[in-house]
1. Does segment B:23-46 contain at least one residue that is open to solvent by 40 Å² or more (accessible area, probe 1.4 Å) and either touching a helix residue (DSSP H, G or I) at 6+ places or on another chain (Cβ under 6 Å) or under 25 Å from B:Ala151 (Cβ atoms) (or both)?
2. Please go through segment B:931-949 and pick out each residue that is of a type in the set (D, E, K, R) and more than 12 Å from B:Tyr630 (Cα to Cα).
3. Just give me the residues in segment A:107-126 being within 12 Å of chain B (Cβ to nearest Cβ) and open to solvent by less than 20 Å² (accessible area, probe 1.4 Å), in sequence order.
4. Please find, within segment B:1-12, the residue that is farthest from the other protein chains (Cβ to nearest Cβ) out of those that are open to solvent by 50 Å² or more (accessible area, probe 1.4 Å) and in a helix (DSSP H, G or I).
5. Looking at segment B:206-222, which of the residues that are open to solvent by 20 Å² or more (accessible area, probe 1.4 Å) and assigned to a helix (DSSP H, G or I) is nearest to the other protein chains (Cβ to nearest Cβ)?
6. Scan B:Ile22, B:Ile35 and give me the residue that is within 30 Å of the chain's Cα centre (by Cα), within 14 Å of chain A (Cβ to nearest Cβ) and in contact (Cβ under 8 Å) with a residue 24 or more places away in the chain.
7. Going by what's in this entry, would A:Met104 be described as facing chain B (nearest Cβ under 9 Å), at pLDDT 80 or above and either open to solvent by less than 40 Å² (accessible area, probe 1.4 Å) or in contact with a helix residue (DSSP H, G or I) (Cβ under 8 Å, 6 or more places away or on another chain) (or both)?
8. Check B:Tyr497, B:Tyr518, B:Tyr568 and return the single one that is in contact with a His (Cβ under 9 Å, 6 or more places away or on another chain), buried (at least 16 other Cβ atoms within 10 Å of the Cβ), part of a helix (DSSP H, G or I) and at pLDDT 95 or above.
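The values are calculated or read from the model by the stated rules, or taken from the named source; none is laboratory data. For clarity, every value in this text was computed on a predicted model and none was experimentally measured. Glycine gets a Cβ as well: all are built from the backbone with ideal geometry, and neighbour counts include every protein chain shown. Surface areas here come from the heavy atoms of the whole protein model, side chains and all, with no ligands, DNA or RNA. Shrake-Rupley method; radii C 1.70, N 1.55, O 1.52, S 1.80 Å.
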Amino acid sequence: MKGKEFLMRKRGVATFLNIAVLCLAVAELIVYLQYANAGEGLFVPWVLVLLLLVILSEIALFFFDNDYLPIAVAGLSMLALGLFAQTPPETLGSIADYYQNIVMFGDPQNFGIIVANFVLMLVMSVTAIVSGFFRREK
Amino acid sequence: MRKIGLWRGLSGLFVGLMVFVIFATAILSQYASVINNALGVSTTTSSLTGSVVYESDFGEINAENLRKLEAAAEAQTIAEAVEGTVLLKNEDVDGKPALPLDVTREKNVTLFGRATYSPLYKTSAAVSKADETNPDRLVSLDRALKEAGFATKNFFDSYADKKVGKGKYNSGYSYQFEEAVGFYEAQQGNLAGYKDVAIVMLTRSAGEGIDMAVDQSTDAAFKFQTKEQEKNSLALQTNEKDMLNFVKAQGYKKIVVLINTNYMMELDWFDEYGVDAALYIGTPGLTGFTGVVNVLTGKDGLSPSGRLADTFAADSLSSPAIANAAGNTPQWKNASSNAELKALGVNDLLQETSWVDVQQESIYVGYKYYETRYADAISGDEGARSAVGSSFDGGWDYAKEMCYPFGYGLGYTTFRQTISKVQKNEEDHSYTVTVKVENTGTAAGKDAVLVYVNTPYGEYEKARKIEKSAILFAGFSKTGVIAPGGSEEVDVEVDEYLFASYDYTDTKGYVLTAGDYYFAVGGDAHTALNNVLGAMGKTGLVDQDGNAVTPDKDAVYHWEMELDTQTYKYGEDGETLVTNRFDEMDINHWEGNDVPYLTRSDWAGTFPVKAAEVTLKSGEMAKLLQGEWYEKAADAPSTDIYAQGKSNNWNGVDNGISFAAMKDVAYDDEEKWTKFIDQFDLSELVLMTGNNFGNIPIASQPINLPEKWGGDGCQGIGGERGHFSETLTQGEAIDPCLYTSVLGCTFNKELIEKRGNLMGNEALFLDATVIWTGGGNLRRTPFGGRNAEYWSEDANLTYLILSVELPAMEKKGILGGVKHFAGNDQESHREGLNTFYNEQAFREGALRGFEGALKKGKVHSVMQSFSRQGVIFSSSCAALNIGVLREEWGFEGQVITDASSGVLSGYKAHYVTTMANGTNMYCLDGKAVGGGIVADYIKANDDGVLLGYLRDSAKNIAYSLSRSAAVNGLAEDDVISSVTPVWQIMTYVAEGIFIALALGSVTMFVIAKVLTYRDKKGERQ
């Protein structure tokens, strides 16, 4: 398929959702790296790897129609979210500290960026899941 | 087609949900004990047949008695506020003192200051949340005034209106809390009819993890501010000044200021803004404002009797401690980055290793600095009079530096205190100082009697670097109500130990140096000092306002002593030598460092005007900082010397001894305790090291150790389950009472003991066995975030309070876990802060409060500090946890870390080293991760020494619990069984369901793909 034809072909809903997932993954990657640099001990390499895999999968889906990748992306994005949440004790600890107005289990100053990470990864995961129900080409 | 899209979508959905549920289950499991506490769910069941060992003073645990208990707690809070509120200023208005207010003539009151709308009832830390959860019980200033008959005009609706008002506290900062003056100008038309009295309330808020800012420009939003004087958060802020000017211009008959904080604000502005009366009220808790208003009105004709437990300096940055503390804390000169630390062999996190607090002030914390420098200045010491350390132009001038000295407090009457007699009690090395208190005024009232001591300071002391405060608080009592013209004699017990000095250079022990000694009274430390100086024949004495004073010779008792290096040579057992254990915590112990400690022999040359520059050296210093230094000793025995290690089966043996059977077994009954501990499997020894404020149960035969809850908080019991069970309250949410922060200002031992008793009773109604409470650290600077949890800047006062409050708690079977051991007197960089000091300052200062609870009070629990002793993590400091605590003080009980939470990285994760150096238990490690790592090391290295430490820990924890309400109702043959909470079962079921759904949908998707492939293949054929 030539490039112009490839780009102009009739795209289905899933393709647009995949693009949304790709954008969300890139945005999350940037936000996550920002968070990881906010202090020592916050960086979990596997979160980065999983986000990169989501991005690569979504790029691949743009070029190659595949039924397995959407399932994998749903799992990978949720896996990234789980690993981020589980990082003890900074993630949930910072949220707990924020609401208790103390600095004990994490760093409440990171509350905003932690919530941003959660929201982005959750929306990314849900979008990835929803995309699996739709076709990529009309 | 085979619905590939549907199965693909469902596969993605269920795979995603499966992953989500697996992580959720893991996270929930990680926090299971916290969740159980929050839900009030137990993981054990039992049918108790034994007797109640520790009974509530309010009778059976039921709803009716709970309400009686809480009513008593609320009454206690009012009493604390009445006796702890400190009257700072009370000028005459129309020929009469501004206070007390007469509600019949001064009924109409206007409330100014955002704090009147959102008062600070407590500190921001773990503490009772009753003020939030029980609003009907909460008494605000407005409510208390109205209940007392006043009509109040307030601006609460405007404060609440976010378009007009601001928001919540910005903890640690004060520049943006108060409204701009335009806010008040807009209310000007509403003030008519309420101009009898203006009450202005100001506050400062910080708390756990957050000090008050010494430089508010560190706050991102502060860059929009321009006024230099606002940088210090304890100074009066621009909006506050504008508001006070506005109030002054409105023509109120009286202006009364309430200081609603636990941080020693700068209060040198009362006269400038026409303030007629001012009171320090701390944080008044649930019902304390009723007490504050009782003081304002002089209810029942009584006079206020609270006295300051801290110094209020004109410049909160003028103390020598602040140069290195709070926001001024520096990093290592040569290691302030990861790369520099790693080059020295330190791999733990930068934020946990690089910050350094050299306590250059030595013993001169709070009044010990201001009063001693004053005494030396009066005595003609040019260094004391020099400009070094002066907050104002010219030489150092006490009257300029001081607002209100330690022990200060006015009343509606006046008293004269004189020393009638002094009796030495040879058997326990104490003195009974009999003080006559005469009411020389016109109102009835109580008076706090504070006894101070002056000890010799001369060539002997200087040669040995022994520092002496010119006036030292040593004991207190409180009179009953004395009618005008009446008098009362009170006996104040003074322990000689409290004015012995620790000589770390020569004797290496406590000494009473030879020379003249003076007991003195007079209320505040400055008056008492002036009385001593007068007795010494000094002249030129002034009060804190610079007025000449005439000392009272009858307020002083003089005697002489010979040099005594023997009386306090040994610890509680009479055998352990009390000697230097903290040489490594003196920064000058380490090569390349030469930092002076403040000495009164050279004020000008040693006063710290900026943070010390200190160097981290490679080798031993860096190794200790890195924190993982435990190694199995070459001659360590095999684990098979213990029951658990025999044949490496790691199981215990059944000696038929239940936990309940240990409740009367003495700590030193080695044979019985060994048999008891032999019964634990290694995994059960590990579980004993776990903690969720309360203990982890051992539901196995024959041990049967029940699960019990633990509370947290000094101003009232908090924690995940900080409310009484709804079964008990008949469905109503009731939290334990929130007490005041001014208990120390009452100088009333009965109230202090009553607080311990009531918190103990509340804990019994909560089914708890421990409260992590009773802060043993000092308010070393006005900025310390947890000042509300500590009692005073003075170590002896802290010692005396904790030796009363916590034993009262333990009498009810509730372990009083004093925290944070030791020297944890700032929140900035508290995690891993390298804290250096000389041993005299440490023993007479930071350690003293804990000594009151643990040595004198003989309580059974202590929580360690996040900070370090020198470069050694407090939880790894054997000198502290074993040498001082167990060997010198004879402590019998459990030692817990501060919140370690089962972390696997960073300085708290050196579990093997901490276990080997006196730590027994890991706080908020509900899964016993730390103990598990210790067990892994034991097994991998066949380390009998470390197994011995683990067994010792289990013994210490079990011993403490056996002296608590954990034994209530527990008979020797009662069985404790473990149960999995319903919520946890549901998570496992959900996990199984979603795994099955994911597998099923993926299988169906694959089948659909295969069938579709076959269909297409068939179509093509």
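1. yes
2. Applying the first criterion (of a type in the set (D, E, K, R)) to segment B:931-949 yields B:936, B:939, B:942-943.
Once the filter is applied, which keeps residues that are of a type in the set (D, E, K, R) and more than 12 Å from B:Tyr630 (Cα to Cα), segment B:931-949 yields B:Asp936, B:Lys939, B:Asp942.
3. Matches in segment A:107-126: A:Met121, A:Met124, A:Ser125.
4. In the first step, residues of segment B:1-12 are kept if they are open to solvent by 50 Å² or more (accessible area, probe 1.4 Å); the result is B:1-3, B:6-7.
Subsequent filtering for residues that are in a helix (DSSP H, G or I) retains B:6-7.
Values: B:Leu6: 7, B:Trp7: 9 Å.
Top of the filtered list is B:Trp7.
5. Restricting to residues being open to solvent by 20 Å² or more (accessible area, probe 1.4 Å) and assigned to a helix (DSSP H, G or I), the top hit is B:Ala220.
6. B:Ile35
7. Numbers: facing chain B (nearest Cβ under 9 Å): yes; at pLDDT 80 or above: no; either open to solvent by less than 40 Å² (accessible area, probe 1.4 Å) or in contact with a helix residue (DSSP H, G or I) (Cβ under 8 Å, 6 or more places away or on another chain) (or both): yes.
So A:Met104 does not fit the description; no.
8. Numbers: B:Tyr518 fails: part of a helix (DSSP H, G or I); B:Tyr568 fails: part of a helix (DSSP H, G or I).
Among B:Tyr497, B:Tyr518, B:Tyr568, only B:Tyr497 is in contact with a His (Cβ under 9 Å, 6 or more places away or on another chain), buried (at least 16 other Cβ atoms within 10 Å of the Cβ), part of a helix (DSSP H, G or I) and at pLDDT 95 or above.
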